[in-house]
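The values are calculated or read from the model by the stated rules, or taken from the named source; none is laboratory data. The shown structure was predicted, so the numbers you read here are calculated from the model rather than taken from an experiment. With ideal geometry, Cβ positions are generated from the backbone for all residues, glycine too; neighbour counts draw on all protein chains shown.
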Amino acid sequence: MNKFLTFEGQQPLYLGDIDFAAEAVRDAFKQLLKGLTGSDGANAILRGVNASAHNQNVTFSAGIVSIDGEILPVEANVGINGSLSDTFYLRVKSTYGGSRTFMDGNTHDCWETRTVEVTKDETDYPLASFRRLLGGFGSQRWHYSQNGFDFWLVKTGLVWMVSLRRPAMTQMEEHFFEVSVPGIQADDLSVFPTSEATVLTTASIDTGSSLSVEGLSVKYYRDGGELKIQMDLDGTAAGSGSMQVVLPVF
């Protein structure tokens, strides 16, 4: 890492010296993130920025990202109209403060605070292109909640867990549940099969007066840039249901 060297003897200090020291810190973080991401762009999600969908609104949790090697906090949002399949972007925002009056009489704000927000407005930073740097120790979550359905896909370490709660099936429904999960990073998605795989598990069905356990098959595969999941009961059962299963992709 570059250093600003100091010496005894009333060393003069210039504004360029402050710029050099600040740039040395920024450059050190950028070089580190280039190594971690394997990319000169050094764009990555370091923490948070998890999406949830509910009633035609998508919300993102607060988090931390690296944009071009600059580490920035991401603001939580209250909801963006749309669905998880929409394209989202990251946008850098600056706020200014620390006003000073200079010797020439001009006033300048000397503090710049930089944050990031998730938006559907197009920028140079599509969210789907940001690799999530959590390795084997962090967790990632995809959440879908609408019309009584509550679906979670969670990655913890090398394990992928699927859980679902849903209302009673109707005669119009062909499957217990089906969903396409967008936004999974390419290296994570690559572990899933390209042709259909099946996990046999069970679902709990609650009719309000009794609880039964029914056979359930969970089919999954990757198609293009999305993970497809489809669930089917072995028989017919009336009542709200819930299930959970580990996908064997590790």
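Descriptive notes on the structure:
- Test for Arg114: is it surrounded by 16 or more Cβ atoms within 10 Å (Cβ to Cβ) and basic (Lys, Arg): no
Table: residues versus (1) at pLDDT 90 or above; (2) basic (Lys, Arg); (3) loosely packed, with under 14 Cβ neighbours inside 10 Å.
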residue: Pro167; (1), (2), (3): yes, no, yes
residue: Glu173; (1), (2), (3): no, no, yes
residue: Pro182; (1), (2), (3): no, no, no
residue: Thr198; (1), (2), (3): yes, no, yes
residue: Gly208; (1), (2), (3): no, no, yes
residue: Ala237; (1), (2), (3): no, no, no
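- Among the residues of the stretch 95-130, those identified as under 33 Å from the mean Cα position of the chain (by Cα) and charged (D, E, K, R) are Glu112, Arg114, Glu117, Lys120, Asp121, Glu122, Asp124.
- Scanning the stretch 39-52 for residues that are at pLDDT below 85 and either closer than 19 Å to Leu127 by Cβ or surrounded by 14 or more Cβ atoms within 10 Å (Cβ to Cβ) (or both) yields a total of 2.
- Residues located in the stretch 141-156, provided they are in a strand (DSSP E or B) and either not basic (Lys, Arg) or not assigned by TED's automatic domain parsing to the domain that holds Gly183 (or both): Trp142, His143, Tyr144, Ser145, Gln146, Phe149, Asp150, Phe151, Trp152, Leu153, Val154, Thr156
- In this structure, Leu13 does not qualify as outside any strand (DSSP E or B) and surrounded by 13 or more Cβ atoms within 10 Å (Cβ to Cβ).
- Test: residue in the stretch 83-94 that is free of Cβ contacts under 8 Å to residues at least 24 places away in the same chain and not aromatic (Phe, Trp, Tyr): yes
- Residues within the stretch 207-222 that are out of contact with any Phe, Trp or Tyr (no Cβ under 7 Å at 6 or more places or on another chain) and in contact (Cβ under 8 Å) with a residue 40 or more places away in the chain, tallied: 1
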